Structures are given as structure tokens and as C-alpha cells.
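The values are calculated or read from the model by the stated rules, or taken from the named source; none is laboratory data. Bear in mind the structure is a predicted one, so any value in this text is a computation, not a measurement. So basically every Cβ, Gly included, is an ideal-geometry build from the backbone, and we count neighbours across all protein chains shown. For the accessible areas, the whole protein counts, side chains as well, though only heavy atoms, and no ligand, DNA or RNA atoms are used. Shrake-Rupley method; radii C 1.70, N 1.55, O 1.52, S 1.80 Å.
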Amino acid sequence: MDSRLPWLALLQVLAFQRGSHLAAGGSLGAPRTPVLGIIGAGVVLPCRLGSAPVPEDFSVRWTFHGRSQRIPVGGYGGKGRREEPDERYRGRAEFFHAEFRAGNVSLLLRDVRSSDQGSYSCQVSFQNVSQEVLVELEVAAVGEPPSVILRSPEKRDLGVSCRSSGWFPRPELLWLDGSGKIRPEATTAKATATPGGLFSVEGSVRIRPGSDLDISCRVLNRRLNASRESRVRVHDSFLPSISQWLRIFLAVLFLNLALISVVSCQLQGERCLGLRLQLRLRIQLCSA
Ligand SMILES: *[C@@H]1O[C@H](CO)[C@@H](O)[C@H](O)[C@H]1NC(C)=O
């Protein structure tokens, strides 16, 4: 055996220690900010040794740091003590074997789920020395285009509601007018977590007659700075149906008043003609 081998290995360890220190500081290999994974797609959790080539007998182990437990994600090498990945990660985690020699022990995680979000450690060991770096994974998803529903007019207001699902993390819901400005009306919005770990959001607004009838519902994912928007332009003819009801209501009111005047004029006997004339006029006005 070559007597220089232990020295070479030591040099490598030193280089790796320096590398991982730098990686933790964010200037080499490992990202300074969390890695962003899109739900349903694949993401590379980066981890790179500071030196290359890497010795043949090394091992690498990726672990998810859950709230209370450490979950094995994937591993390579390390004779004998092979650790099976947890069921959550089985078949989804893969190394770039061809890149090992170049010091790249990054992990490809496929079909990202919302539960994958969190801290991962990349632990590399050789010659009984091991080093570890932490990689933070954030996940995100853009949901479906929102569906906007016009509710039947309540009193004189037009109720509009909006809903969209498939978001992560919790999205924001905004109501905009025709010029893209936030609407002045009071709105409600509520996001709920679905069993799949994604969020649905539902909101509503009451549009007063006379305000802008160009109504947009925008659902926004701040993490991705991405949004989906649906727009409705309520035609004026939708609102006359409100004023029609109003007209019927007023007509009934006038008829009641007229009946009261008829009754009172019959009781009094006088000035009846004048009142009857007024009454006829009123009824004509109503039916016009
Ligand atoms: C490792 O290799 C993969 C596949 O070529 C590449 O996508 C990734 O960016 C590399 N990572 C690092 C840290 O070099």
C-alpha cells in the first residue's frame, strides 16, 4: 500500500472541512438562502465537497430533521451500516453518481411534497471523519385560476365570491377594480389547509350599485411572487334587475298609501275628488 495515502486522506479531510465551513458560510457550493422546490416537480439539494477527487470509500447520508425525529432520506456507501430511506422518500431521492468524483454529493428529490419543507443535513464521511452541512428546503405551489361566482343580489348590493385551491404556502386574496387598484369595499378571505397539505382560499366582496363593475379576484403566492387572477365585468343589465325589484317594492308601497288615502277620504267625505286625482296620478307613475 502506498504510505502517502493517509496523508492524502488527511489533506482531503482538511480541504473538506474548509469547504464545508465555507459552504456553511454560503460562499461555496451551498446556497445562502433556502432552496426553493415546486410541489410536484423535482429539486436538487446541493452539497459539494471542498476538494476533488473524492476517495473511493466515502459515504454520504442525507437526513431530514423533523420536529422530533431524524428521517433518513438517502445514503450512499458506508459498508455494512446501510440505512434504508424512510417510506416518505423511497423512490424519490437520487444521487448524481457520475458527479461523485467531482465532489458533488447533491441529492435530487423528485415529486416534491409540502411535507418535504424543512432542514436537511448532508453528512459526508471517510477515514472515520465526518462533516455535515445543513440545507434548508422551502416548497411552494401555485394553485388553480380562481373561480368567481356572482351571488343573487342581496338588498341592493351585488355579492361576489371567489375561490381557488392548490396553493402553498397560505396565499393572499385581493379584490381589484378595472384599473388594477385594490377595491375600497370591505372584503373577507379565509385560507384553509386541505388534507393534501395545500391551501384553498375563499373570499367575498359586496359591490354597491354605482361602483366599478369590473371585478378582479387575484390570488397571490408571495414566496414565488406569482399570482392567478380571474376577472368579471358585470353588465349594467345585471343591476336593473335590482332596481326592478325596487320599483315593484315602491309600487306596492304607493298602492298601500293609496288604499289608506281612499279609506280616510271615504271617512271624511270631503276633498275626496282631489285625493282620488292624486291617487290616479300616483298609480300611473308607478306603472310607467
Ligand atoms: C451536481 O450535479 C448535478 C447534476 O449534474 C447538478 O444539477 C448540480 O447543480 C450539481 N451540484 C453542485 C453543488 O455542484
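Beta carbons closer than 9 Å, at least 6 apart along the sequence or on distinct chains, pair a first residue in the range 96-110 that is over 17 Å from D57 (Cβ atoms) with a second that is of a type in the set (D, E, K, R) and more than 8 Å from the ligand (Cβ to nearest atom) for L107/E94; L108/R92; L108/E94; L109/R92; L109/E94; L109/D116; R110/R92; R110/E94. Scanning the range 84-113 for residues being open to solvent by 90 Å² or more (accessible area, probe 1.4 Å) and either outside any loop (DSSP other than H, G, I, E, B) or away from the ligand (no atom under 16 Å from the Cβ) (or both) gives a total of 7. Scanning the range 70-83 for residues that are within 18 Å of V135 (Cβ to Cβ) and more than 16 Å from the ligand (Cβ to nearest atom), we see that the one that is surrounded by the fewest Cβ atoms within 10 Å (Cβ to Cβ) is R70. Looking only at residues in the range 193-221 that are closer than 13 Å to S165 by Cβ, open to solvent by 20 Å² or more (accessible area, probe 1.4 Å) and free of Cβ contacts under 8 Å to residues at least 60 places away in the same chain, which one is farthest from the chain's Cα centre (by Cα)? So, considering only residues that are closer than 13 Å to S165 by Cβ, open to solvent by 20 Å² or more (accessible area, probe 1.4 Å) and free of Cβ contacts under 8 Å to residues at least 60 places away in the same chain, the one farthest from the chain's Cα centre (by Cα) is P195.
For the structure I just gave you, tell me whether P53 is within 16 Å of the ligand (Cβ to nearest atom), closer than 30 Å to L198 by Cβ, modelled with pLDDT under 90 and in a loop (DSSP other than H, G, I, E, B). No: the conditions fail for P53.
Among the residues of the range 114-127, those that are over 26 Å from the mean Cα position of the chain (by Cα), within 16 Å of the ligand (Cβ to nearest atom) and either open to solvent by 80 Å² or more (accessible area, probe 1.4 Å) or closer than 16 Å to V35 by Cβ (or both) comprise S121, C122.
Return the total of residues in the range 170-185 being part of a loop (DSSP other than H, G, I, E, B) and within 11 Å of V201 (Cα to Cα).
2
Considering the range 147-169, and only residues there that are in a strand (DSSP E or B) and among the hydroxyl-bearing types (S, T, Y), the residue that is nearest to G210 (Cα to Cα) turns out to be S161.
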